[in-house]
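Asks: If you scroll down you'll find the structure; I have some questions about it.
The values are calculated or read from the model by the stated rules, or taken from the named source; none is laboratory data. It should be emphasised that the depicted structure is a prediction, and the values quoted were computed from it without experimental measurement. Because the Cβ atoms are built from the backbone with ideal geometry, glycine has one as well, and the counts that use them run over all protein chains shown.
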Amino acid sequence: MSAALIFIEWKPPAGSSRFSRTAGSAILLIAVLVRSGLASTGLSSDVRLSLNILVFVAWWMGAFILCFGSLAFRRALFPLCFLLWMVPFPLFVLDPLVDLLQQGSVASAHLFFALFGVPVEQTGTLVHIPGLTLEVAPECSSIRSSMMLLVTTMFVVHLLLVSFWRKAVVVAAAIPLSVLKNGLRIFSLGMLATKVNPSFLTGRFHRQGGIIFLLLALVGIFLLIWILRRGENAPTNSPVNSAN
């Protein structure tokens, strides 16, 4: 995705200046030194992996500056920073995010049940409805699909929107949309299991149906982009000077 953005927005570089060569070489050297130092640290495996990938991305950035110059780097700043999504979250960052999504999904599912008139009670990560108790486990927090939604949203708004605040609005909207889509998924599973067949709780819809709700969230993102693009494309009325 980063390569596609660089290719789409590519302009012939003006040449690598002495400053660019120095800066690029310095970043490469720092990346090598940090990578060498990580081998002798007592960090946990997840933290070490995150730092290794971060150093790898920094190496690519340094190589880009060295080859194409600082001006080309500034032009390609977003695609190059987009590579940071390659860096996996260490557990001390991932666990609070999963817990936050877990709690948000429970609250969202509770809201959907209440809106549709289903008697519902919430106890921690448990949702109680007549004839069924649903547990929103950490693996049901939708952390992967939430990250996919956020990454896709950032990619799309960069291509389709110009204004920074409009881009920020859409990216910010992706977070509650992600929680809502998972709450809708839990609500759908609960209703299908109680009204149609309990096998929905263990069938393919439970294991692989997340893509349906991800697509629904993406529809919401594209609808919001369409609304905001109309504001960007609206013609501005220039004042007309009349001479008496």
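Asks: I need the full set of residues from the range 22-53 which are more than 15 Å from Pro90 (Cβ to Cβ) and not in a helix (DSSP H, G or I), in order please.
Replies: Matches in the range 22-53: Ala39, Ser40.
Asks: Let me ask you something else. When the range 197-244 is examined, which residues are found to be hydrophobic (A, V, I, L, M, F, W, C), modelled with pLDDT under 85 and under 23 Å from His158 (Cα atoms)?
Replies: Residue satisfying the conditions is Ala234 alone.
Asks: Under the condition of being of a type in the set (Gly, Ala, Ser) and crowded, with 18+ Cβ neighbours inside 10 Å, which residue from the range 189-204 is nearest to Gly117 (Cα to Cα)?
Replies: Gly190
Asks: If I filter the range 113-147 down to residues being more than 24 Å from the chain's Cα centre (by Cα) and part of a helix (DSSP H, G or I), which single residue comes out as surrounded by the fewest Cβ atoms within 10 Å (Cβ to Cβ)?
Replies: Leu115
Asks: Ok, one more. Specify which of the listed residues (Phe19, Phe56) is under 17 Å from Arg74 (Cα atoms), part of a helix (DSSP H, G or I) and of a type in the set (Phe, Trp, Tyr).
Replies: Testing whether each residue is under 17 Å from Arg74 (Cα atoms), part of a helix (DSSP H, G or I) and of a type in the set (Phe, Trp, Tyr) leaves just Phe19.
Asks: If Arg144 meets every condition in (1) under 30 Å from Ala193 (Cα atoms); (2) assigned by TED's automatic domain parsing to the domain that holds Trp10; (3) basic (Lys, Arg) apart from one, which number is that one?
Replies: If we test Arg144 against (1) under 30 Å from Ala193 (Cα atoms); (2) assigned by TED's automatic domain parsing to the domain that holds Trp10; (3) basic (Lys, Arg), just (2) comes out false.
Asks: Collect the residues in the range 86-141 that are without any contact (Cβ under 8 Å) to a residue 12 or more places away in the chain, among the polar types (S, T, N, Q) and farther than 19 Å from Thr194 by Cα, keeping them in residue-number order.
Replies: Hit for the range 86-141 is Thr123, nothing else.
Asks: Within the set of pairs 6+ apart or on separate chains, which have a first residue in the range 31-51 that is in the same structural domain as Phe64 (by TED's automatic domain parsing), a second that is of a type in the set (D, E, K, R) and assigned to a helix (DSSP H, G or I), and C-beta atoms under 7 Å apart?
Replies: Leu38/Arg48
Asks: State the number of residues belonging to the range 69-103 that are more than 18 Å from the chain's Cα centre (by Cα) and crowded, with 18+ Cβ neighbours inside 10 Å.
Replies: The qualifying residues number 5.
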